[in-house]
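The values are calculated or read from the model by the stated rules, or taken from the named source; none is laboratory data. Small disclaimer: the values here were computed from a predicted structure and weren't measured. For neighbour counting, all protein chains shown are included, and Cβ atoms are generated from backbone atoms with ideal geometry for every residue, glycine included.
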Amino acid sequence: GLKRREVNVLCLGLDNSGKSTIIDQLKPEHAQTHDIVPTIGFSVEKFSTSSLSFTVFDMSGQGRYRSLWEHYYKDAQAIIFVIDSGDKLRIVVAKEELDTLLNHPDVKHKRIPILFFANKMDLRDALSSVKVSQMLGLNNIKDKPWHICASNALKGEGLHEGVEWLQDQIR
Ligand code: GTP
């Protein structure tokens, strides 16, 4: 039968940005929970595309758990980084966490693709994906392929475009 290649993905971002909601939407309908609660520590989920089978480490974004993230960098073949586009105050904190990630020895010299979701684009005062990209300084990322998509995880909008980009980076 058809064997999909296995890929480890790390899903990062501040608490409440929408990571678990995004991952839930990417799973097949019968596997979706719809009942999303704040993640404690991390949770391991699976979803697949036509050619790849993704194992996602959905990391809690709460401050006290963020120190767990780095233990998973080594085995990650791709990163999904989620931003709450409606949370203008904490985008600065998101940038700090991103910079820490990019400077980590297990990530710094690795050509790992990073997919950004500027999530919650449905909120009336959400920042555009261009603005989010500027505020995070994404143009400074020169040694890794990256891509940003505006998304509405509640409706599933923008997610598949992002995952298709990721799939193209990996094959
Ligand atoms: P932690 O597990 O604490 O790290 O949070 P998380 O990043 O996994 O966020 P989660 O998926 O639990 O979503 C947090 C809240 O945001 C929930 O109430 C979601 O329903 C809501 N949410 C997620 N995506 C969207 C979106 O695109 N738009 C809106 N309006 N709300 C969203």
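Within the set L52, L115, the sole residue that is more than 14 Å from the ligand (Cβ to nearest atom), under 19 Å from K155 (Cβ atoms), surrounded by 15 or more Cβ atoms within 10 Å (Cβ to Cβ) and not small (G, A, S) turns out to be L115.
Picking from residues in region 19-38 that are within 10 Å of the ligand (Cβ to nearest atom) and at pLDDT 90 or above, the one that is surrounded by the fewest Cβ atoms within 10 Å (Cβ to Cβ) is P38.
Is it fair to say S67 is buried (at least 19 other Cβ atoms within 10 Å of the Cβ), within 16 Å of the ligand (Cβ to nearest atom) and either assigned to a strand (DSSP E or B) or among the polar types (S, T, N, Q) (or both)? Taking the combined requirement at face value, the residue does not satisfy it. Is it the case, given these coordinates, that L89 is of a type in the set (A, V, I, L, M, F, W, C), surrounded by fewer than 17 Cβ atoms within 10 Å (Cβ to Cβ) and under 25 Å from I36 (Cβ atoms)? Yes; evaluated as a whole, the condition is true for this residue. A search for C-beta distances below 7 Å between a residue of region 73-98 that is touching a residue at least 12 places away in the same chain (Cβ under 8 Å) and any residue that is assigned to a helix (DSSP H, G or I) and among the small types (G, A, S), counting only pairs 6+ apart in sequence or on different chains, returns I83/A94. Taking region 92-112 as the search range and keeping residues that are of a type in the set (K, R) and under 21 Å from F54 (Cα atoms), which one is surrounded by the fewest Cβ atoms within 10 Å (Cβ to Cβ)? Looking at residues that are of a type in the set (K, R) and under 21 Å from F54 (Cα atoms), I get R111.
Looking only at region 118-131, residues that are within 12 Å of the ligand (Cβ to nearest atom), more than 17 Å from M59 (Cα to Cα) and surrounded by 14 or more Cβ atoms within 10 Å (Cβ to Cβ) come to 5 in all.
Can you tell which of G61, G41 is within 11 Å of the ligand (Cβ to nearest atom), of a type outside the set (S, T, N, Q), touching a residue at least 24 places away in the same chain (Cβ under 8 Å) and touching a strand residue (DSSP E or B) at 6+ places or on another chain (Cβ under 6 Å)?
Every option except G61 fails the conditions.
Against the numbered list (1) aliphatic (A, V, I, L, M); (2) touching a Gly at 6+ places or on another chain (Cβ under 8 Å); (3) at pLDDT 95 or above, A78 comes up short only at (2).
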